[in-house]
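*Asks:* What follows is a structure written as structure tokens; I'll ask about it next.
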Amino acid sequence: MLRTNFPIFEKKVFLNSCSKGALSLEVEKAYEQYLYDWKTLGSPWGLWVEKLEKVRRSFAQLINAEPDEIAVTTSVSAAVSSLASALSFEERPKIVVSDFEFPTVAQNWHAQEARGAQVCHVAEEGGEIPLERLEAALDEKTKLLAISHVCYRNGAMQDAKAIAKLAHEQGALLMLDAYQSLGTMPINVKDLGVDILVGGTLKYLLGSSGLAFMYVRKDLLPELNPTVTGWFAQEDSMALDIYHHLPAESARRFESGTPPNPCVYAGIAGLELIHELGTAAIKAQLDALTDRLKNAAKTQGYKLATPKAHGAMMALKAYDVETLVGLLETADIIVSSRDGNLRVSPHFYNSEEDIDKLLTVLKKHEKLLCKA
Ligand SMILES: Cc1ncc(COP(=O)(O)O)c(C=O)c1O
């Protein structure tokens, strides 16, 4: 995939894919195609439903799931609230969340306190969530454990397979938020043994906001009946039946109203770029780029907020991160911050020169960075 397909690189060094993937010519064209289809065909609902099924298959392929195990949603929030509405907290009231969760995930579980859930937080230590802490929090009262595959704050990566095993030993479900890992590495839900996986297209999957998905393991579906629902969650949405609620047998039962058609076009185009390159090749390139940054940080004595196991993002501890982000922006380098850390998040379109340009400007302002 040519870097020239991402026009932002004509003027900027873009290193902020953990926040938003760069716009490609392909995704731009997909949006134009949506407008063209709308303009010339009027109301091609059949075509739009075909596109919805196409993006469902593409999500499934990305994580080695079956299309019937994928709900296409408009956000992770919508997916998790539908899932939460399908759980009963009578026998198992406990929901365990790590302190690395994205706010919307934790907030959705806290919202279930009104329905009898009890939320237990597992704290970090040294930039990681220790496995022993997760293990200690799990018990026979635990309904579900929610963890992030890669933390949006410092890039820490959790051992999803080991954690799924711990959850299952206690009869709990494991929900993996893979928003920050999808598109940067191979993910195989069957191999990891996760029960539920959520993610969306606006970051490393190169699409836009408005499109997300949830994988739910097939054999769980019959026992999960969401009450947060809509006509696209019905077995036959075109039955237009106002007397019954007949949810789809498949994971479509977690869907809601009219799909976000423009975002579906963009999502298909973004995912095609990822499939074309392959997640194994993307991971190899990202490992090389993050290693380069890590080694330079070590040589310069910069303090990393990212632990040993990490995803595509590296975070550097800073004294005044907002000033630093601003100074980098003035130098046409786009990065972001969380928790007082500078987040640097390359994707396959980045080069070693991008990392080196960043390092040159950081050296100039190194007083703003914490030293190890
Ligand atoms: C780990 C993680 N989960 C979820 C989200 C977004 O959730 P939603 O699609 O509900 O906005 C983000 C976005 O920043 C994220 O980084």
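*Asks:* I need a count of the residues in region 75-110 that are out of contact with any helix residue (DSSP H, G or I) (no Cβ under 7 Å at 6 or more places or on another chain) and farther than 29 Å from Thr306 by Cα.
*Replies:* 10
*Asks:* OK, next. Filter region 188-218 for residues that are in a loop (DSSP other than H, G, I, E, B) and within 14 Å of the ligand (Cβ to nearest atom) and give the result. Working first, answer last.
*Replies:* Narrowing region 188-218 to residues in a loop (DSSP other than H, G, I, E, B): 188, 193-195, 201-211, 217.
The answer is Thr201, Leu202, Lys203, Tyr204, Leu205, Gly207, Ser208, Ser209, Gly210, Leu211.
*Asks:* Looking at region 147-178 only, could you name the residues that are farther than 19 Å from Ala309 by Cβ and either of a type in the set (A, V, I, L, M) or without any contact (Cβ under 8 Å) to a residue 40 or more places away in the chain (or both)? First the steps, then the outcome.
*Replies:* Within region 147-178, the first condition is being farther than 19 Å from Ala309 by Cβ, and the residues that meet it are 168-173, 175.
Of everything in region 147-178, those that are farther than 19 Å from Ala309 by Cβ and either of a type in the set (A, V, I, L, M) or without any contact (Cβ under 8 Å) to a residue 40 or more places away in the chain (or both) turn out to be His168, Glu169, Gln170, Ala172, Leu173, Met175.
*Asks:* Would you point out the residue of region 74-96, among those that are away from the ligand (no atom under 12 Å from the Cβ) and hydrophobic (A, V, I, L, M, F, W, C), that is nearest to Thr258 (Cα to Cα)?
*Replies:* Looking at the filtered set, the residue picked out is Leu83.
*Asks:* Does region 243-253 contain any residue that is surrounded by fewer than 18 Cβ atoms within 10 Å (Cβ to Cβ), without any contact (Cβ under 8 Å) to a residue 40 or more places away in the chain, over 30 Å from Phe6 (Cβ atoms) and out of contact with any helix residue (DSSP H, G or I) (no Cβ under 9 Å at 6 or more places or on another chain)?
*Replies:* Within region 243-253 (the criterion being surrounded by fewer than 18 Cβ atoms within 10 Å (Cβ to Cβ), without any contact (Cβ under 8 Å) to a residue 40 or more places away in the chain, over 30 Å from Phe6 (Cβ atoms) and out of contact with any helix residue (DSSP H, G or I) (no Cβ under 9 Å at 6 or more places or on another chain)), the answer is yes, since at least one residue qualifies.
*Asks:* Failed condition for Asp287, given (1) without any contact (Cβ under 8 Å) to a residue 12 or more places away in the chain; (2) not assigned by TED's automatic domain parsing to the domain that holds Glu352, with all others met?
*Replies:* (2)
The values are calculated or read from the model by the stated rules, or taken from the named source; none is laboratory data. Note that this is a predicted model, so its numbers are computed, not measured. Here the Cβ is made from the backbone with ideal geometry for all residues, glycine too, and neighbour counts use every protein chain on show.
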